[in-house]
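The values are calculated or read from the model by the stated rules, or taken from the named source; none is laboratory data. Since we're looking at a predicted model, the values are computed, not measured. Cβ placement follows ideal geometry from the backbone for every residue including glycine, while neighbour counts extend to all protein chains displayed.
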Amino acid sequence: MRKFLLLLVIVVIALGVILFQSSTHEPAPLVSDNVHAYELNNGMKVLVIENQRAPVVVSQVWYKVGSSYEPEGLTGVSHVLEHMMFKGTPKHPAGQFSEIIAANGGRENAFTAKDYTAYFQMIARDRLELCLEMESDRMRNLNFDEDEFRKELEVVKEERRLRTEDVPTALTYERFNALAYANNPYRQPIIGWMQDLNTLTLEDARTWYQTWYAPNNATLVVAGDVDPDQVFELARKYFGGLKTSLIPRLKPRHEVKQYGVQRATVKVPAKVPYLIMGYKVPVLATVAESWEAYALEVLSGLLDGGNSARLEKNLVRGRELATSVGASYDLYARQESIFVLSAIPAKQIATDVIEAALKQQIQDIQATPPNREELERVIAQVIASEVYEQDSNFYFAMQIGTLETVGLGWQKKQNYVAGVSAVTPEQVQQVAQKYFVDQGLTVAVLDPLPTDKDTVSSDARVGEKNER
Amino acid sequence: MSVKICSKMIALALALLLPSLAQAIPEIQHWQTDNGSRVVFVPVSGLPMVDIRIVFDAGSARDAGKSGLAALTNGLLAEGAGGLSAQQIAERFEAVGALFSNNAQRDMAYLGMRSLSEKKYLDTAIQALGSVLTSPDFPAEAFARELAHMKVAAESRQQSPGDIAEEAFYKAIYHDHPYASPVAGTPQSLQGLSIKDVRAFYQKYYVAKNAVIAIVGALDRAQAEALVTRISAALPAGERADDLPPVPEPDKAQEIRIDYPSQQSHIYVGQPGMKRADKDYMALYVANHPFGGSGFASRLVETVREKRGLAYSVYSYFMPMREAGPFLMALQTRSDQTEEALALLREELANYLEQGPSDAELQASINNISGSFPLNLDSNSKLLGYIAMIGFYDLPLDYLQSFVARVEAVSADEAHAAMQQRIHPDRLVTVVVGNGGAQKP
């Protein structure tokens, strides 16, 4: 529940930039510092990050599709399809992909989110070709077997029970989200409603695959000890010949106006209450003035960027109202999003007291711009994390893949530190005033019911992102 | 045809894997400080950053009946030190972009830091870290607050069927051994902790001879030595913690059913497993891999998930600890499938103990473990965790260099024999938490 700036941060890549040449030939690569960008003739993007610190490589294939692309009634189909992607092709039958990667000392998995679905392998650098061969095969030739589908759907339902149904805070978050948005597809759970999973068919999954899985809707990101031009050659060899699809244009589902505070209560067996509240905010991809998005990012740092930040300082220490607190803002979402505040109250503290205290923290900023020193602490963490994040190929590649897939373009990574550093105290105050209003507020509370654990059988001694 | 492609690719794997390994494995430098701390260090240039972890034999195994004391002590270190408040300490770290971290487990408790290596940042961060390490104040209000937080956290674990199952499992396999109680304490045990307990625990266990200091990053040897001196010279020498008692062998099977209003049953089956320094460590580690330790390549996933769709997550592991850590098989399944899944788990174990791994399974596992070894060392943070573990458990300094050869030396017979000798299917502990708990047949 705490992270933010430190996780969202980016590397400044500020060297010379060669622009795309538009022609019928494959364009010259766009190189910026250690990110090398290519495009295949069929429209597939290839982004390569050189990093020679270890003889390994991360390969990720990103598709522009996720839960926010799903119509109502079909929620969860992107994630179920992600599971089906391991069920084989005519060339590599079910299970063989994983078997080959494992035998070659690799690790692999996949993840589905609101705005993307991605498949990855981590492996010795000289094994990259295996990954690309098999990824290209399953991009266009996936098997759809009814038996496999039925079993895998049961696995996904177990996943939903494990991650959501039996986790009171996750259930609260799901309801919060569904209430907060009226028509923005971010209201839908990534894993899907159980009812939709119960009625999902093999045909639904196949149609989803045929609609969205094509080279012109995909980006390959490779990071590690590799030669970028060689990676590009391999990518051309395996993906260059794949047919394109006509990718549908999504109907707009931008959030309609909200007219007042929205509230939900979740009463389920639990032990500890929980409060989650959020305000509708723009994101970098939707905002007219990009400084607003960076100011919201700084605001999340001021509130929750480390143990010295305001929520920890004032609510956990200070007034001792909460045992844990969080603030989060998704700068790189595809659509308008929510700035979320959450808290687990201290013993005997009512959730409405926490709600008032969180609002007070916002009101303080609305009334008085933060001081310079506080802002500088946020920026210092951003600059440091720009170094730290390079310790992980996987994370770095994920940043690049996300930016490209939500439509911002990977080059936006270069703007991050400058964007955050340029934010003034007054700008933080302005976004707090503009967006943290009742007409954008949703509050959900977990109100525990007894767990009845005391009626135990005789010998008992009681003592956002879904991966495959 | 596709099978042919597969075996060809596996053959390729065998032939090509090793050459790329050698250069990836770093040498660990080692020395001892004047006051008796053991230091492990790997210089890594390339990124201007430093990771430090100071590990003490001060985990919950040292709670001595006061469950939660080790975690509480560890959690209070940065809540006031050297006259600085928690807020001031956090500001010192964060103003230079440093990340402070701390954690307590059963064997170890540690604190650590990631910082930029540039002197003006590192100096500030090191000074704060030194204070937290050597002169925590344990202010009364921080003690009360932290304890209150731990009580809420202990309650919230009681709303997680997985946490309830884990706690019951440890209690059942460890009986009176110090590993039995939960690291973060129980609502009842926390009630009895005092600030005096915390001070005494700190004075006894947070001492130089009981510490391993691990460093990875952009420093040379002289800089690393100077850094170690700065943070730890003020630690009293003290004594290394006593040996823990050995874990008794299980004597009988036990089945524990706990009713909980969840949709799934959480099933834990296991027994005490192996020590970090166990003579059969590698054989058991390799033996578990094809059984339940290799994800989609494992028998458990194949049988329970791929063939029957009974669970999202199913696995087994040996967790090696100073004394015998647990061997555990676990899954979660819809309540009405509880008995079917539990029977499968037991049947798979019985089959595996009888047959052992096939030669092909064993070879695939060895290829995977050795081939993926560089992935365990491909970042400073992973390297830090590894060398801290090597230092803490007194493993040989060439542990990383010899790892692949030791994996490859394990034969199918050896793996099979070790598994048969160690695992006692007639003396396993079974814990089921969920509505399935009420439906005992």
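Quickly run through the stretch B:227-259 and pick out the residues that are basic (Lys, Arg) and in a strand (DSSP E or B). The answer is B:Arg257, and nothing else.
Go through the residues of the stretch A:271-282 one by one and say whether even a single one is within 23 Å of A:Ser421 (Cα to Cα) and either polar (S, T, N, Q) or buried (at least 20 other Cβ atoms within 10 Å of the Cβ) (or both). Yes; the residues of the stretch A:271-282 include at least one that is within 23 Å of A:Ser421 (Cα to Cα) and either polar (S, T, N, Q) or buried (at least 20 other Cβ atoms within 10 Å of the Cβ) (or both). Residues that are among the aliphatic types (A, V, I, L, M), touching a Ser or Thr at 6+ places or on another chain (Cβ under 8 Å), over 25 Å from A:Ile383 (Cα atoms) and modelled with pLDDT of 95 or more are absent from the stretch A:19-41 altogether.
Reported count of residues in the stretch A:312-356, each being outside any loop (DSSP other than H, G, I, E, B) and either crowded, with 21+ Cβ neighbours inside 10 Å or not acidic (Asp, Glu) (or both), is 25.
List the helices (runs of 4 or more DSSP H) that sit entirely inside the stretch A:104-195 and contain at least 3 residues that are more than 13 Å from chain B (Cβ to nearest Cβ), modelled with pLDDT of 95 or more and crowded, with 20+ Cβ neighbours inside 10 Å. So that I can check it myself, show each step before the final result.
On the way: elements: A:128-140, A:146-160, A:168-180.
In the stretch A:104-195, the matching helices (runs of 4 or more DSSP H) lie at A:128-140, A:168-180.
Only one of the numbered conditions (1) closer than 19 Å to A:Phe149 by Cα; (2) at pLDDT below 95 is not met by A:His92, and that is (2). With respect to B:Ala140, determine if the residue is surrounded by 21 or more Cβ atoms within 10 Å (Cβ to Cβ), of a type outside the set (Val, Ile, Thr) and assigned by TED's automatic domain parsing to the domain that holds B:Ala226. Answer is no for this residue.
Listed here are the residues, each with its yes/no results for (1) farther than 26 Å from B:Pro43 by Cα; (2) surrounded by 19 or more Cβ atoms within 10 Å (Cβ to Cβ); (3) assigned by TED's automatic domain parsing to the domain that holds B:Ala172.
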site	(1), (2), (3)
B:Ile213	no, yes, yes
B:Asp220	no, no, yes
B:Gln223	no, no, yes
B:Pro245	yes, no, no
B:Pro248	yes, no, no
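Sub-9 Å Cβ pairs linking a first residue in the stretch A:241-258 that is on the phi > 0 side of the Ramachandran plot to a second residue that is outside any loop (DSSP other than H, G, I, E, B) and surrounded by 17 or more Cβ atoms within 10 Å (Cβ to Cβ), at least 6 apart or interchain, number zero.
Number of residues in the stretch A:59-99 that are more than 21 Å from A:Glu152 (Cα to Cα) and facing chain B (nearest Cβ under 9 Å) equals 0. Collect the residues in the stretch B:169-194 that are outside any helix (DSSP H, G or I) and touching a helix residue (DSSP H, G or I) at 6+ places or on another chain (Cβ under 9 Å), keeping them in residue-number order. Residues satisfying the conditions are B:His177, B:Ser181, B:Pro182, B:Val183, B:Ala184, B:Gly185, B:Thr186, B:Leu193, B:Ser194.
Only residues that are basic (Lys, Arg) and under 25 Å from B:Pro248 (Cα atoms): list them for the stretch B:278-326, please. Steps first, please.
The first filter runs over the stretch B:278-326 and keeps only residues basic (Lys, Arg), leaving B:279, B:299, B:305, B:307-308, B:322.
Within the stretch B:278-326, B:Lys279, B:Arg322 qualify.
A:Phe232 meets each of the listed conditions (1) modelled with pLDDT under 95; (2) in a helix (DSSP H, G or I); (3) not small (Gly, Ala, Ser) apart from (1). Go through the stretch A:38-92 and give me each residue that's among the acidic types (Asp, Glu) and over 30 Å from A:Tyr181 (Cβ atoms). Answer for the stretch A:38-92, where residues must be among the acidic types (Asp, Glu) and over 30 Å from A:Tyr181 (Cβ atoms): A:Glu39, A:Glu50.
Here B:Ala405 meets the list (1) surrounded by fewer than 22 Cβ atoms within 10 Å (Cβ to Cβ); (2) within 14 Å of chain A (Cβ to nearest Cβ); (3) not polar (S, T, N, Q) almost entirely, failing just condition (2). Any residue at all in the stretch A:401-411 that is surrounded by fewer than 19 Cβ atoms within 10 Å (Cβ to Cβ), of a type in the set (A, V, I, L, M) and within 21 Å of A:Ile383 (Cα to Cα)? Within the stretch A:401-411 (the criterion being surrounded by fewer than 19 Cβ atoms within 10 Å (Cβ to Cβ), of a type in the set (A, V, I, L, M) and within 21 Å of A:Ile383 (Cα to Cα)), the answer is no, since none of the residues qualifies. Could we say that B:Ser60 is under 18 Å from B:His149 (Cα atoms), at pLDDT 95 or above and surrounded by fewer than 24 Cβ atoms within 10 Å (Cβ to Cβ) here? Against the criterion (under 18 Å from B:His149 (Cα atoms), at pLDDT 95 or above and surrounded by fewer than 24 Cβ atoms within 10 Å (Cβ to Cβ)), B:Ser60 does not qualify.
Could you tell me whether A:Gln335 is of a type in the set (S, T, N, Q), away from chain B (no Cβ under 14 Å), in contact with a Ser or Thr (Cβ under 9 Å, 6 or more places away or on another chain) and within 30 Å of A:Leu449 (Cβ to Cβ)? Judged against the criteria, A:Gln335 is not a match. Under the condition of being facing chain A (nearest Cβ under 10 Å) and basic (Lys, Arg), which residue from the stretch B:264-308 is nearest to B:Met389 (Cα to Cα)? The qualifying residue nearest to B:Met389 (Cα to Cα) is B:Arg305.
Candidates in the stretch B:29-51 are the residues that are among the hydrophobic types (A, V, I, L, M, F, W, C) and farther than 17 Å from B:Ala234 by Cβ; of these, the one that is farthest from the other protein chains (Cβ to nearest Cβ) is B:Trp31.
Out of B:Tyr268, B:Tyr285, I need the residue that is assigned to a helix (DSSP H, G or I) and either in the same structural domain as B:Met389 (by TED's automatic domain parsing) or crowded, with 23+ Cβ neighbours inside 10 Å (or both). Which one? Full working, then the answer.
Numbers: B:Tyr268 fails: assigned to a helix (DSSP H, G or I).
Just one listed residue meets the conditions, B:Tyr285.
If you check B:Glu323, B:Glu354 for being outside any helix (DSSP H, G or I) and more than 9 Å from chain A (Cβ to nearest Cβ), only one passes: B:Glu323.
Scanning the stretch A:270-282 for any residue that is more than 23 Å from A:Ala182 (Cα to Cα), more than 14 Å from chain B (Cβ to nearest Cβ) and β-branched (Val, Ile, Thr) turns up nothing.
Listed by first and then second residue, the pairs with beta-carbon distance under 9 Å, at least 6 apart or on different chains, first residue in the stretch B:166-177 and within 9 Å of chain A (Cβ to nearest Cβ) and under 16 Å from B:Ile258 (Cβ atoms), second in a helix (DSSP H, G or I) and of a type in the set (Ser, Thr, Tyr), are B:Tyr170/B:Tyr179.
Can you tell me which residues in the stretch A:69-96 are among the hydroxyl-bearing types (Ser, Thr, Tyr) and surrounded by 22 or more Cβ atoms within 10 Å (Cβ to Cβ)? Within the stretch A:69-96, A:Tyr69, A:Thr75, A:Ser78 qualify.
For (1) within 30 Å of B:Gln223 (Cα to Cα); (2) within 11 Å of chain A (Cβ to nearest Cβ); (3) of a type in the set (S, T, N, Q), each residue gets a yes or a no:
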{"residue": "B:Gly68", "(1), (2), (3)": "no, no, no"}
{"residue": "B:Asn74", "(1), (2), (3)": "yes, no, yes"}
{"residue": "B:Gly83", "(1), (2), (3)": "yes, no, no"}
{"residue": "B:Ala86", "(1), (2), (3)": "yes, yes, no"}
{"residue": "B:Ala104", "(1), (2), (3)": "yes, no, no"}
{"residue": "B:Ala148", "(1), (2), (3)": "no, yes, no"}
{"residue": "B:Gln158", "(1), (2), (3)": "no, yes, yes"}
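This table checks each residue for (1) surrounded by fewer than 17 Cβ atoms within 10 Å (Cβ to Cβ); (2) in a loop (DSSP other than H, G, I, E, B); (3) within 13 Å of chain A (Cβ to nearest Cβ).
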{"site": "B:Glu361", "(1), (2), (3)": "no, no, yes"}
{"site": "B:Ser365", "(1), (2), (3)": "no, no, yes"}
{"site": "B:Ile369", "(1), (2), (3)": "no, no, yes"}
{"site": "B:Lys382", "(1), (2), (3)": "yes, no, yes"}
{"site": "B:Met389", "(1), (2), (3)": "no, no, no"}
{"site": "B:Asp394", "(1), (2), (3)": "yes, yes, no"}
{"site": "B:Gln401", "(1), (2), (3)": "yes, no, no"}
{"site": "B:Glu414", "(1), (2), (3)": "no, no, no"}
{"site": "B:Gln420", "(1), (2), (3)": "yes, no, no"}
